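Undergrad: If you scroll down you'll find the structure; I have some questions about it.
Since every read-out is calculated from the coordinates, none of them should be taken as a lab result. Predicted model, so just to flag it, every value in this text is computed and none were measured. Note that we place each Cβ from the backbone using ideal geometry, even for glycine, and neighbour counts take in every protein chain shown.
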Amino acid sequence: MASPISEEKLKRDLNELVRLVERQGGEAKVIDTREIVVDERARLKCMYPPCRWYGSSIMCPPHLKLVPSVTRRIVRMYRYAVLIRLGTPVEDLAGPEWTKRHVPHELKLREVVSLVESEAHNMGYYFAMGFAAGECSLCLSQNIDCDALKTDRCRYPLKARPAMEAAGIDVFATVKKSGWEIHTISPTKDMSLIPCASLYGLVLIH
C-alpha cells in the first residue's frame, strides 16, 4: 500500500502546480473544494436556451454522463483544487466574431488544464481530474465531427475534458468565492461595460 502524502509535500506540490500555470501565461490559486459550487441550473443553461454546440461531443450534454448529482459526490472526495484563469481580450468572447475568436483561448486552456492534471498525476496524485471551459473544440475547430459519438474512441483523450458548467459546476459562484472578479459576457452586451474577460479551468487534486 502506498504511503500517504504528507501535508508538507502536498502544500509544496500545490504551489508548484500554481507556478506551472503561471509559466504558461495564466493565473492560478489553490482552493478548498468546499468553495466549489455545484448547481443543476449550470448544466441546464447548456440546454435552455440551447447552446449552439449542444450535443456536439461526448464532453457536452446530453452525452456527458457527469451529471450534477455525480459531480457533487466526486468533488466531496477531494480536499483541494487548482483554479485556473486565462485572461482574454473582451472582443474575443463578446464581439461579433466571438464564435471563431474564442477558440484559440479555449484550446490553450485545455492545454494548460491537461498539463496541470498530468503533472499532478506524476507527483503521485493519480486521481487528479481536470475541467475546462466551453465546447470541446479539439475536433470542432478542424471541422471534424466527434469520433467518440460514433466509435466511443476519442482522438484526443489526454486533452478532451468537460467544461465545469457542463458537469454542473457554477463557475460564477465558484470564482467569486475564490476572491476573483468575474463578469457576465454575451454577444448582445455592450463591450464597453465589460472591464475584463477570462476563461476558467479547474483541476481536482487530492
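Undergrad: To the nearest 0.05, how large is the calculated FRET efficiency for Glu7 and Arg76 if R₀ is 22 Å and r is the Cβ-Cβ distance?
TA: That gives a FRET efficiency of 0.65.
Undergrad: Beyond a 29 Å Cα-Cα separation, which of these cross-linked pairs lie in this structure: Lys29/Lys150; Lys9/Lys45; Lys9/Lys65; Lys108/Lys177; Lys45/Lys159?
TA: Violating the 29 Å limit, Cα to Cα: Lys29/Lys150; Lys9/Lys45; Lys9/Lys65.
Undergrad: What is the magnitude of the charge dipole of the chain about its Cα centre, with +1 placed on the Cβ of each Lys and Arg, -1 on the Cβ of each Asp and Glu, and no other charges, expressed in debye to the nearest 20?
TA: Charge dipole of the chain: 400 debye, to the nearest 20.
Undergrad: Continuing with the same structure: Taking 0.36 nm per residue of sequence separation and subtracting the Cα-Cα distance, how much length would be gained by fully extending the chain between Tyr126 and Ile194, in nm to one decimal?
TA: 20.6 nm
Undergrad: With a cut-off of at most 13 other beta carbons within 10 Å, and DSSP calling the residue loop, which chymotrypsin sites (Phe, Trp or Tyr not before Pro) in the stretch 77-126 qualify? Please list them.
TA: Qualifying residues, ordered by number: Tyr126.
Undergrad: Want the number for His63 to His183: 0.36 nm per residue separation, take away the alpha-carbon distance, what's left? Could the numbers behind the result be given before it?
TA: Numbers: separation 120, 0.36 × 120 = 43.20 nm, distance 2.83 nm.
Using 0.36 nm per residue and subtracting the Cα-Cα distance, I get 40.4 nm.
Undergrad: I want to verify a result. In a Gaussian network model of the chain, Cα cutoff 10 Å, which of these has the top mean-square fluctuation: Ile74, Ile58, Ile182?
TA: The residue that fluctuates most here is Ile74.
Undergrad: Roughly how far apart, in whole Å, are the Cα centres of the stretch 66-104 and the stretch 118-164?
TA: Each part reduced to its Cα centre gives a spacing of 13 Å.
Undergrad: Going highest first, how would you order 158-165, 116-123 by mean Cβ packing within 10 Å? Kindly include the intermediate steps, with their values, before the conclusion.
TA: Numbers: 158-165: 22.2, 116-123: 18.2.
Taking the mean over residues of other Cβ atoms within 10 Å, the ranking is 158-165, 116-123.
Undergrad: Here is a further query. Please tell me the relative contact order of the chain in percent, rounded to the nearest whole number, where contacts are Cα pairs under 8 Å and at least six residues apart. Don't jump to the answer; show the numbers that get you there.
TA: Values: 346 pairs, mean separation 67.8, N = 206.
Result for the chain is 33 percent.
Undergrad: Still on this structure, please answer the following. Would you kindly state how much longer the chain becomes between Val103 and Asn15 on full extension, computed as 0.36 nm times their sequence separation minus their alpha carbon distance, in nm to one decimal? Can you show the working numbers first?
TA: Numbers: separation 88, 0.36 × 88 = 31.68 nm, distance 2.87 nm.
Fully extending the segment from Val103 to Asn15 adds 28.8 nm.
Undergrad: Something else about it: Grab the beta carbon distance between Ser118 and Asp152, set R0 = 22 Å, and tell me the FRET efficiency rounded to 0.05.
TA: The computed FRET efficiency comes out at 0.45.
Undergrad: Out of every Cα-Cα pair in the chain, what percent are more than 30 Å apart?
TA: More than 30 Å apart: 18 percent of the Cα pairs in the chain.
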